Amino acid sequence: MSNGSRRFLIKDDGTILVTNSPDLVLGMSVFLLLYLVDRYSSNQAIFENIDQISHPVNSSSNIEDYDGIKLELESHAPYGIVPISKLVTIKNKLHLAFRVLGLGPAEDSLKDIFLVTVLI
């Protein structure tokens, strides 16, 4: 199994695209869920603070002291990316766990901590 964070690329324009399908970026559906949309779609998610999101935390700093960067959206202000489901765990060989993500108030946005090559 490969590192899932390598399947996405954070672009300078504030979008996040799929590396093996660069015509798809993260975006919103009519149901306020996070989906993959055409990179030219008016529903594409453009993130604020993209410079901070796409640069790793200094490895010499204490991670416990770092609060992270909120995943707020410039394209859908004043909203951000929030979990809209509880954590779902599937206990099988793969030990899968996931949450459905969508649009919600910016103050409730998930936070990003980028550690060199690991996106938490």
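Here are some notes:
- Taking 20 Å as the limit for the C-alpha separation, the pairs Lys11/Lys70; Lys11/Lys111; Lys70/Lys91 exceed it in the case of Lys70/Lys91.
- In this structure the amide hydrogen of Ser29, modeled in the peptide plane, comes within under 5 Å of the amide hydrogens of Tyr35, none closer than 5 places in sequence on its chain.
The numbers here are math on the coordinates, done by the rules we state, and not lab data. From a predicted model like this one, the values you see are computed outputs, not experimental measurements.
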